[in-house]
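Working notes, beginning with the structure itself.
The values are calculated or read from the model by the stated rules, or taken from the named source; none is laboratory data. A quick note: this is a predicted structure, and the numbers were derived from the prediction, not measured. Positions of Cβ are backbone-derived with ideal geometry, glycine not excepted, and every protein chain shown enters the neighbour counts. Ligands, DNA and RNA are stripped out before the accessible areas are found, and what is left, the full protein with its side chains, is counted by its heavy atoms. Shrake-Rupley method; radii C 1.70, N 1.55, O 1.52, S 1.80 Å.
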Amino acid sequence: MNATPRVLALLDDVLAAARPDQRGALWQLAEAGRELDANLVRLPAGAKVGEHQEDVLDVLLVVVAGGGLVRVAGGELVLGPRSVLWLPRTSRRALVAGPEGLTYLTVHRRRPGMAIKGPVGTPAYEGGEGPCMLDRVCAECGRLSEDPAPVFCSRCGERFPER
């Protein structure tokens, strides 16, 4: 059976429907059986996504509105509307929203579900991360931050609660 292509979202409509102060993930690709993940993320003026590194996946970032900077090894890259940025896996980067804020779409291969495996021959434990790491799990998108004291989620831009 062949899958049927379809329009999933009109980004102008998603942006128009969002509250002016709404930040973080405004839209996410959530189709069953997909091989991609995509998120439309909005950061307010001056907001930052701290330096981070994606070790497994390349990420394509497309600026939809506003602008800002991405800090990379060796300097900064200016982002404006409709800029397309490739973030190769293992690259370190940080985002800073400009005075008009920064709204961007990220697209990457879907991450496999997490499973904790025991010794060979025992079934995998699929109960998620241990409770000691819950303060590092983004409430918006569920990503576990590698940063022991995260401020913003590196996937969706959502702010972590103050500690």
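Residue 79: hydrophobic (A, V, I, L, M, F, W, C), farther than 23 Å from residue 14 by Cβ and at pLDDT 95 or above, yes or no?
no
Quick one: residue 66 ticks every box in (1) surrounded by fewer than 17 Cβ atoms within 10 Å (Cβ to Cβ); (2) at positive phi; (3) touching a strand residue (DSSP E or B) at 6+ places or on another chain (Cβ under 8 Å) except a single one, so which number is it?
(1)
Any residue in segment 3-19 that is without any contact (Cβ under 8 Å) to a residue 40 or more places away in the chain and farther than 15 Å from residue 104 by Cβ sitting within a Cβ distance under 9 Å of a residue that is open to solvent by 90 Å² or more (accessible area, probe 1.4 Å) and in a helix (DSSP H, G or I)? List the pairs, counting only those 6 or more apart or interchain.
From segment 3-19, no pairs qualify.
Could we say that residue 51 is touching a strand residue (DSSP E or B) at 6+ places or on another chain (Cβ under 8 Å), in contact (Cβ under 8 Å) with a residue 24 or more places away in the chain and more than 25 Å from residue 146 (Cα to Cα) here?
no
Restricting to segment 83-113, count the residues that are surrounded by fewer than 16 Cβ atoms within 10 Å (Cβ to Cβ), outside any loop (DSSP other than H, G, I, E, B) and either acidic (Asp, Glu) or on the phi > 0 side of the Ramachandran plot (or both).
Of the residues in segment 83-113, 1 are surrounded by fewer than 16 Cβ atoms within 10 Å (Cβ to Cβ), outside any loop (DSSP other than H, G, I, E, B) and either acidic (Asp, Glu) or on the phi > 0 side of the Ramachandran plot (or both).
Identify the residue in segment 96-112 that is under 17 Å from residue 62 (Cβ atoms) and in contact (Cβ under 8 Å) with a residue 60 or more places away in the chain and, among all such residues, is nearest to the chain's Cα centre (by Cα).
106
Give segment 16-27 a look and list any residue that's within 17 Å of the chain's Cα centre (by Cα) and surrounded by 15 or more Cβ atoms within 10 Å (Cβ to Cβ), or say none.
23, 24, 25, 26, 27
Please go through segment 35-58 and give me each residue that is surrounded by 12 or more Cβ atoms within 10 Å (Cβ to Cβ) and over 16 Å from residue 160 (Cβ atoms), ordered by number.
Passing the criteria: 37, 38, 39, 40, 42, 45, 46, 53, 54, 57, 58.
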